[in-house]
1. Quick one: give the max-minus-min coordinate of the C-alpha atoms of region 97-236 along each principal axis, largest first, in Å.
2. Ranking 331, 121 by Cβ neighbours within 10 Å, fewest first, what do you get?
3. Which of 215, 265 comes first, and how do the rest follow, when ranked by fewest Cβ neighbours within 10 Å?
4. Output the direction-averaged projected area (hull surface divided by four) of the convex hull of the alpha-carbon atoms of region 63-120, in nm².
5. Could you work out how much longer the chain between residue 122 and residue 268 gets when fully extended? Use 0.36 nm per residue separation minus the Cα distance between them, nm to one decimal.
6. Sorting 268, 163 on the 10 Å Cβ count, fewest up front, what's the list?
């Protein structure tokens with residue numbers, strides 16, 4: 001098996017792993033999740049029943065209960081990337097006289113990111129309790145489409161305020177044991193396993209900044225590493241050379257040959273570069289999605305619920321012989337939408353302080 005095939009397999013594996021793990025960051029029944037479930041059903045015909053039950057128990061414990069596993073994995077991945085960056089890339093770039101501030105920027109981003117990570121994971125996401133329920137129920141109006149007045153949470157035994165949700169990934173929400181946090185969260189977005197906390201009214205801003213700085217970290221390391229490898233190629237004048245192929249013919253240096261040479265010379269650096277590039281693409285797309293939600297004053301939960309009504313975005317009312325067009329009533333313009341995320345409404349601020 002040649003180098004290109006191995007490298008493409010590696011890239012596909014890393015990308016598939018990132019997407020698969022990110023799919024369990026709190027979303028329910030996504031397209032990828034349905035695909036995974038379909039594949040699991042096919043494999044169930046060849047996998048022993050006992051092994052299936054053990055696997056289900058392990059996955060349920062990991063993905064449907066509060067656990068620090070993904071937090072540890074998150075820290076381990078950051079440590080691996082920064083370890084390789086510090087051990088090899090930083091030293092090589094220092095010898096090549098790269099600007100010092102450029103080389104130190106990833107460490108600054110890491111410190112800022114860890115600060116937002118801590119705030120996001122430890123902050124109250126907006127837990128609805130009996131003491132603050134009366135105040136929180138007045139914050140947002142019911143749109144009569146996604147959020148109906150008079151709906152009572154069967155677990156908390158309280159009327160659900162508009163834009164709130166009980167934290168549970170289990171389809172059977174009546175089962176309290178399958179609840180992740182077993183709480184109702186105001187302006188619920190999703191449960192993020194990477195920070196081991198719900199994302200709601202009080203920590204959405206921290207999550208957005210955490211996600212942005214994480215993307216910036218990956219992109220910054222990818223740019224520095226790619227610049228180093230390009231500099232190596234330029235200084236060696238390798239692009240103007242030639243090589244003898246398996247048939248004994250002299251061939252000009254091609255891009256695939258350069259990649260293979262760099263991989264054999266700096267294997268860990270090239271593997272890390274592939275990982276951070278793919279991570280940048282995935283996180284960048286997710287950042288854009290969250291920016292869209294912020295600018296339109298939507299949560300992930302609301303965006304997903306609105307898809308249930310199909311492409312026409314309407315809801316048939318049983319009490320009236322007409323169709324109602326779904327409209328996001330919570331959007332108040334780009335500036336006010338951003339202000340709502342980064343500066344909580346007055347009632348929420350006052351209630352949080354008390």
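Bear in mind that the values in this text are calculations on the coordinates, not laboratory data. Keep in mind that this is a model prediction, so the values were computed, not measured. No Cβ is skipped: glycine too gets one built from the backbone with ideal geometry, and neighbour counts run over all protein chains shown.
1. 71, 29, 27
2. Numbers: 331 14, 121 18.
Result, fewest neighbours first: 331, 121.
3. Details: 215 22, 265 12.
Ordered by Cβ neighbours within 10 Å, fewest first: 265, 215.
4. Working: hull surface 18.5 nm².
Spelled out: convex hull of the Cα atoms, projected over all directions, averaged, 4.6 nm².
5. Details: separation 146, 0.36 × 146 = 52.56 nm, distance 3.45 nm.
Going from the current span to full extension adds 49.1 nm.
6. So the residues, fewest neighbours to most, are 268, 163.
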